[in-house]
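These notes are about the structure you will find just below.
The values are calculated or read from the model by the stated rules, or taken from the named source; none is laboratory data. Here the structure is a predicted model, which means the values were calculated and not measured. Positions of Cβ are backbone-derived with ideal geometry, glycine not excepted, and every protein chain shown enters the neighbour counts. When the accessible area is computed, the model is the full protein with side chains, heavy atoms only, and any ligands, DNA or RNA have been set aside. Shrake-Rupley method; radii C 1.70, N 1.55, O 1.52, S 1.80 Å.
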Amino acid sequence: MKLRTRIIWINCILFLIASFVTELVIWCITADSKREAAVLRGYEEYHEMFSYLSDNYERQFKEDGHNLSVYMEYMLKSRNNDYDVCYELQNDKEGSESYREIYNGTILTIGQLKKYSYQNVKEAQTEYPVHYTIETIKSRRYVIIRGSMYNNEFELYHIRDITYVKDELIELAFIMVLVAAVVAVMAIIILNMILKREFKALHNLSKSAELIAEGEYSHRVEMTRKDEIGILGDNFNKMAEAVEKRTENLTLFMGNLTHELKTPMTAISGYAQTLLSANLSEEEKQEALMYIYKECGRIERMSEKMLKLLEIDSSMDMEFKEVTAGELFDDVEVICSAILENKSITLTIREQGEVFVTDRDLMTDVLVNLVDNAIKASEKGQTIILMAEGQTIYVQDFGKGIPEEELENILEPFYMIDKSRSRKSGGAGLGLALTALILEKTNVVLNIESEVGKGSRFILQFV
Amino acid sequence: MRNRILIVEDEEAIAKMISLNLKLADYDATILMDGKEAADSLLMDNQYDLAILDIMLPGMDGFELLEEMKKYNIPVIFLTAKTDIGSKIQGLRGGAEDYIVKPFDVLELLVRIEKVLERENKFNHVLKVLDIEINLDEHTVFKNGEEIPLKNMEYELLVILAKNKNIAISREKLISMIWGPNFSGETRTVDVHIGWLRKKLGLSNHIKTISKVGYRLEDK
């Protein structure tokens, strides 16, 4: 399910639960309050009857000396409503109670009235306690107020129909539910609209990601918000930038690679064609075959270095062990001995037992490459210095030197300052790129100092 | 008089391969490997009928060298590994006659060289092979001074073999070159015509059948 829909559902359910609970509480409170009011009203009516009875007696009938019960009967009958009940309590000599009906305008008998359990009416203002109960009779609700007069001689009841309370409460409940439903629906609509807008940014982000995945690496997402989604957008753009850079570098690399491959391929294919179709002398045939052989060797060396580049780039397992400068330098000397001799170049080694923690094989590759480059840059009879000091290794030559403007380019794959010279010695411009990658992966900082005509110094700082 | 062609290419293997093929096709080829060197050498010797220049050269790049060549009216064919349209347009706009991309078919290069030379009217109008002389202007063929009448197709076939002497050409290529690329006939047609050529010009020993490759007119 969509996030937006989920959020709306959750909100809707929470809202409905909250409003249900709130409304229930309010409804209960209202119900109590209404009932209380109804009881109070009932009591007021009772009190009115009570006052009516007691007031008049004080005034008139007492003077005349009439009988209390006669008076009561007369009074109530003259009122003649169907809410009042009056009983005279009579105690006979044995102590059991009996009742004599004075007036009963209601449908209830004293027997029934007596059966109910009554509670105190707290607001009663008479000397005598007043009670009430709420009962359902023949599907209508009544409050029955009970009190007494003249030392409990008379028991008075007043009945009030309070069915209207129930009706009102039901109506209230109905309205509450309806309102909640309507508000819920409106909330859904408004929430939906708001979320749609908020989610648009996410939607854009998602579409942009799709575009980039399809290859449009220069695409960026427009983000002006400052909140979490804004931050996400910014980070997304950063990521796109990195991806674009990477693919650009890769494209450049592939471009250079293709170029470097095309050249030997042209020669090989051309010579092969010629050998097949042309009428050549033995000498010419030999030369053609020799070139084919040489160029194949070049492709071989290049692909070897390329594989290594790829291997190392994908973080192959490197073994970091302790190795002394002496061990490293000896290996290098042995490997380079032939080419050193060829050009009558002296390799001077300076070290005082420094110990380095690094991958021995890879570091040897690096040093061999640097020494090899130094040899290529030097003239016959010159010297190359391979030195260790503290946690730094120096490779110094006194040959051609590197022009300042080339310094930032020489570590790029396939870059060669002097192409014809490099190619003649079988190079493809990958040595330094490989060296730079190895140093990066083994946490060694490379610095190059060079002066044209004076020489170059490659400084490797082990961190 | 043989046509003189200057090759300026810093890859020794490729330069030598081109020069080898040019020599086989009866051109005089000179190799230089540095742009600046080439420009300087023109001061002393600029009697070239055509120059084949690599674009990425040390000393002076191909485009700059083109300007030098133009001074001496030497037509230029560019040779390069750069396939992007930009370079092609730049090259041709700059005034080069043609542009060929590495790796290339040697035969294609030879044909393009021929086309340029023809356009510049520098191409030799008389082809000489062994004791046969072919006059390209008049479409006549002489053997030992005697004119040999040839049918149109035979003539075309002979011309192609002679222009590419010592280089084998496949039947399919021959058909495509003479009868056009949409020809749906049999390659046997070529064989038949070769047979007639051999007979009419006594070239049975010189038009060799190179198995799996094609036919080759040899003069060695």
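Scanning segment B:89-106 for residues that are surrounded by fewer than 15 Cβ atoms within 10 Å (Cβ to Cβ) and in contact with an Asp or Glu (Cβ under 9 Å, 6 or more places away or on another chain) yields B:L92, B:G95.
When A:R246, A:R220, A:R225 are checked against the criterion of being of a type outside the set (V, I, T) and under 22 Å from A:F414 (Cβ atoms), A:R246 stands alone in meeting it.
Consider A:S269 carefully, then state whether it is open to solvent by 50 Å² or more (accessible area, probe 1.4 Å), polar (S, T, N, Q) and outside any loop (DSSP other than H, G, I, E, B). In short, no.
Okay, residues lined up against (1) within 11 Å of chain A (Cβ to nearest Cβ); (2) among the aliphatic types (A, V, I, L, M):
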{"residue": "B:R4", "(1), (2)": "no, no"}
{"residue": "B:A13", "(1), (2)": "yes, yes"}
{"residue": "B:L20", "(1), (2)": "yes, yes"}
{"residue": "B:A29", "(1), (2)": "no, yes"}
{"residue": "B:L32", "(1), (2)": "no, yes"}
{"residue": "B:A38", "(1), (2)": "no, yes"}
{"residue": "B:S41", "(1), (2)": "no, no"}
{"residue": "B:L50", "(1), (2)": "no, yes"}
{"residue": "B:M60", "(1), (2)": "no, yes"}
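Scan segment A:132-153 residue by residue and report those that are among the polar types (S, T, N, Q) and within 21 Å of A:K34 (Cβ to Cβ). Passing the criteria: A:T133, A:T136, A:S139. The C-beta contact set for segment B:96-109 (first residue within 10 Å of another protein chain (Cβ to nearest Cβ), second residue among the small types (G, A, S) and open to solvent by 40 Å² or more (accessible area, probe 1.4 Å), distance under 8 angstrom, 6+ apart or interchain) comprises B:P103/A:S269. Candidates are the residues of segment A:278-315 that are within 20 Å of A:N369 (Cα to Cα) and without any contact (Cβ under 8 Å) to a residue 40 or more places away in the chain; the one that is nearest to the other protein chains (Cβ to nearest Cβ) is A:I299. Restricted to segment A:313-364, and to residues there that are charged (D, E, K, R) and part of a helix (DSSP H, G or I), the residue that is most open to solvent (accessible area, probe 1.4 Å) is A:E341.
Tell me, please, whether a residue that is closer than 30 Å to B:D40 by Cβ and among the charged types (D, E, K, R) can be found in segment B:120-142. The answer is yes, given that some residue of segment B:120-142 is closer than 30 Å to B:D40 by Cβ and among the charged types (D, E, K, R). Taking residues in segment A:331-343 that are among the small types (G, A, S), and partners anywhere that are surrounded by 13 or more Cβ atoms within 10 Å (Cβ to Cβ), the pairs with Cβ atoms closer than 9 Å and at least 6 places apart or on different chains are A:S337/A:L347.
When residues in segment A:249-277 are screened for being more than 7 Å from chain B (Cβ to nearest Cβ) and without any contact (Cβ under 8 Å) to a residue 12 or more places away in the chain, 7 of them pass.
Residues that are surrounded by fewer than 21 Cβ atoms within 10 Å (Cβ to Cβ) and either among the aliphatic types (A, V, I, L, M) or under 17 Å from B:D105 (Cα atoms) (or both) within segment B:1-10 comprise just one, B:M1. Identification of helices (runs of 4 or more DSSP H) wholly contained in segment B:126-220 with 1 or more residues that are within 13 Å of chain A (Cβ to nearest Cβ) and of a type outside the set (A, V, I, L, M) yields B:171-179.
Restricting A:E248, A:E244 to residues that are open to solvent by less than 40 Å² (accessible area, probe 1.4 Å), of a type outside the set (A, V, I, L, M) and assigned to a helix (DSSP H, G or I) narrows the list to A:E244. Entry remark, segment A:199-224: residues being out of contact with any helix residue (DSSP H, G or I) (no Cβ under 6 Å at 6 or more places or on another chain), open to solvent by less than 40 Å² (accessible area, probe 1.4 Å) and not in a helix (DSSP H, G or I) number 1 in total.
Hey, does segment A:158-165 have a residue that's under 60 Å from the mean Cα position of the chain (by Cα) and closer than 30 Å to A:F15 by Cα? Taking every residue of segment A:158-165 in turn, at least one turns out to be under 60 Å from the mean Cα position of the chain (by Cα) and closer than 30 Å to A:F15 by Cα. The single residue among B:I18, B:I31 that is of a type in the set (A, V, I, L, M), in contact with a strand residue (DSSP E or B) (Cβ under 6 Å, 6 or more places away or on another chain), within 28 Å of A:M290 (Cα to Cα) and open to solvent by 30 Å² or more (accessible area, probe 1.4 Å) turns out to be B:I31.
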